[in-house]
Amino acid sequence: MKTQILHKHYTALDGLRGLAILMVFCRHAFLTTHLHSLPTRIVAWLGTGGWLGVDLFFVLSGFLITGILIDSLGSNRFYKNFYIRRSLRIFPLFYGVLLLCWILTPVLHLQWKPGHLSYLFYCQNIMTNLDPSLTSVPPALNLEHFWSLAVEEQFYMIWPFMIVMLHEPRRIMRFCVSMIGLSLLLRCVLLWMYPSDTTIEWIYKELPTHADGLLIGAFLAAGLRTWKHEELLSRFRWPTYASAIGAIAIVAITRRLDFHSYLMSSIGYTISAILFSSLLLNCVLPSTRAYRIFSLPGLRFFGRYSYGIYVYHLLFSPLLTLMLHWLQARTSQAVGAALYLSLWFGLSVTIAMLSYKYFESPLLRLKDRFAPPENRPLNPSIDGLARESALQ
């Protein structure tokens, strides 16, 4: 007789999503405040590290998606259920936003290029590296941040087939470690052969060179189905210490927190993935301080709407920047910047909430109708994980 897996929803993972989206917003916010005082420069310098929020999203997505796939192995609807449920979560908002932008073309006088068609096929990370002008649609749209959506979708297309081929959690873990090693080696070779800012951008936006977070998240999911939680946490202790020292060394040597350095673009992605994986492991253990912190309602609130906030917050930033200049001209640089950031953030969150309630949620309710979860044998090695990916 089969029994249903009790997939417990770890509230702290919602809080981790909340942290990730706040980091991303800070990254973009402090690029546009136009303030030059010393305190602002310090805050802006810290904000440049907000790109790591995307890497945290990657770790969470690899972890959650791999857990779902492993627990679904052997089901009759393995591929069908996965892709239907993923499509209902990801595609409506993504393609809905693109459709809205296309409808607004005559109103905003948008100047599309043939290369923008790549967004329809989740190839924008590749095409924007070939033609950086494709990151925007003048004069009103900024699509720069959509690259990470392409990386995740490419991973989702490949990963279910790899899970079926590897099948066993231990084999999945070995594969993840080998792929992380190959990704690190590929980055080092590219930087050695073609040392330039262009190479750094290619490394940052492509799946083969920026897969560490997704793969180490997958490693954790398989590990929790192989070892006890405490044992896996113990195995990560020394890699975490070494990564923390490595991160401090990179910042000390480069004096920067962003990814535009050879050290960060080579070993930095692996280091950040290990640090975030250690944080994630603590967040699924209810007795830890990390679990209590990231279960706070405020962080969970932002985590709930993180996908929408991510998509919307930068979309119309060229128009919002005009509002910054208008506010600063009528108040002061500091007051205008504070008002601008408050309005920008509040507007992004509000739109994301409305989008989730009236557009995304009705479609999400179709998941169980078109892709009903099957009864599966109880997996005794883990008491269950949330059934959504991180960024989406």
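Overview of results
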item	result
Degrees, to the nearest 10: 237-254 long Cα axis against longest axis of the chain	20 degrees
Three semi-axes of the equivalent ellipsoid, region 23-96, Cα gyration tensor, whole Å, largest first	40, 15, 4
Folded to 0 to 90 degrees: helix 11-29 orientation relative to the chain principal axis, Cα	30 degrees
Surrounding net charge for residue 130, when Lys and Arg each add one and Asp and Glu each subtract one, Cβ distance under 14 Å	-1
Shape category assigned to region 271-336 from the gyration tensor of Cα positions, a/c cut at 1.5	prolate
Aspartates and glutamates whose Cα lies under 19 Å from that of residue 205, excluding same-chain neighbours fewer than 8 positions away	55, 131, 144, 152, 153, 197, 258
Cα centroid separation - region 135-207 against region 30-98, whole Å	13 Å
Angle in degrees between helix 333-355 and the longest Cα principal axis of the chain, rounded to the nearest 10	40 degrees
Order by protection proxy (mean Cβ within 10 Å, highest first), peptides 47-54, 134-141, 355-362	47-54, 134-141, 355-362
Label-point gap, in nm, between residue 322 and residue 231 - each point 7 angstrom along Cα→Cβ	6.2 nm
Pairwise label distance in nanometres, residue 358 with residue 164, each label 7 Å out on the Cα-Cβ vector	4.1 nm
Neighbourhood charge, 15 Å Cβ-Cβ cut-off, centred on residue 351 and excluding it, Lys, Arg +1 and Asp, Glu -1	+1
P(r) histogram, all alpha-carbon pairs of the chain included - 20 Å bins from 0, percent	26, 60, 14, 0
Candidates 14, 71, 55, ranked by Gaussian network fluctuation over the chain, Cα under 10 Å, top entry	71
Neighbour-count ranking [beta-carbon atoms within 10 angstrom, fewest first] of 42, 216	42, 216
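Read the figures in this text as sums done on the coordinates, not as results from a lab. Note that this is a predicted model, so its numbers are computed, not measured. Virtual Cβ from ideal backbone geometry, glycine too; neighbours counted across all protein chains shown.
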